[in-house]
Amino acid sequence: MKKILLALTITATFYFAGCDKVTDPEESLGNITAKQKVDEVLQKARLDFATDAKLSAIYGWNVDENGNVDLLKTDNAYVYIVQSNQLQENAFYVPVFAAGPIESPINFTTMLSFVKDSTASDILDRVFGRLSTLAIDPNANYKDSPATIDTALTHGGTSFITQNIGAQIDMFLLPSKSIDTTLTVNNSADWIVNFYSDTKSLVLWIRSDNGQVIPLSGN
């Protein structure tokens, strides 16, 4: 029921926002990667959220095996979480087809509801609690979603999808220090990729600083 209501909300959002012209030629077919809309989101957030808005995280909901979401569909999204030091708060934005970014109906509570694995959910719950005060350094070096999914597929993701018909993929780009506060690198950002079905999951932490792939949970 949550997913049905979320899809209806996003559909209505697309309808009312869709009158603006397309400004990105790469969006003409609807497919976008995670990095593609960061600058647009930050520009929007600095106008209507906080002048000091910075990227805090990216959530990919139901991405495809190429690391894309299709803006013409309502059962997937990239959600951009921005952070303000002045406000000590987060705001959530999604890009829509033929329009600029808008505020997102998806928030931390919705994201956690899609994480079936309890270990991964506990980790992300702690991470989300830190994001009001943490942002991703603009100079952080991290891979875009297609390359990240390629890595995740070769480290168990392909096998999981083969063995679990209808499996979905969610992914989270997070400040590395929000995942492990003992890390000495302060300006890096890492991906957590969540493969899941109704009853099973495989959760991988893909570190940007050394390329290590760490299974957080799998069942």
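A single member of ALA45, ALA50 is under 18 Å from the mean Cα position of the chain (by Cα), among the hydrophobic types (A, V, I, L, M, F, W, C), more than 12 Å from SER145 (Cβ to Cβ) and modelled with pLDDT of 95 or more, and it is ALA45. All told, PHE160 falls short of being out of contact with any Ser or Thr (no Cβ under 9 Å at 6 or more places or on another chain), of a type outside the set (Asp, Glu), buried (at least 17 other Cβ atoms within 10 Å of the Cβ) and free of Cβ contacts under 8 Å to residues at least 60 places away in the same chain. Within the range 121-142, the residues that satisfy the criterion of being crowded, with 20+ Cβ neighbours inside 10 Å and farther than 17 Å from ASN107 by Cα are ILE136, TYR142. If the condition is being within 21 Å of ASN62 (Cα to Cα) and polar (S, T, N, Q), then the range 170-219 contributes ASN194, SER197, THR199, SER201, SER217, ASN219. Pairs linking a residue in the range 125-153 that is over 13 Å from VAL38 (Cα atoms) and assigned to a loop (DSSP other than H, G, I, E, B) to a residue that is at pLDDT 95 or above and among the acidic types (Asp, Glu), with Cβ atoms under 7 Å and 6 or more positions apart or on different chains, are SER132/GLU89.
The values are calculated or read from the model by the stated rules, or taken from the named source; none is laboratory data. Remember, predicted model here, so these are calculated numbers, not experimental data. Cβ coordinates were reconstructed from backbone atoms using ideal geometry, including for glycine residues, and neighbour counts include every protein chain displayed.
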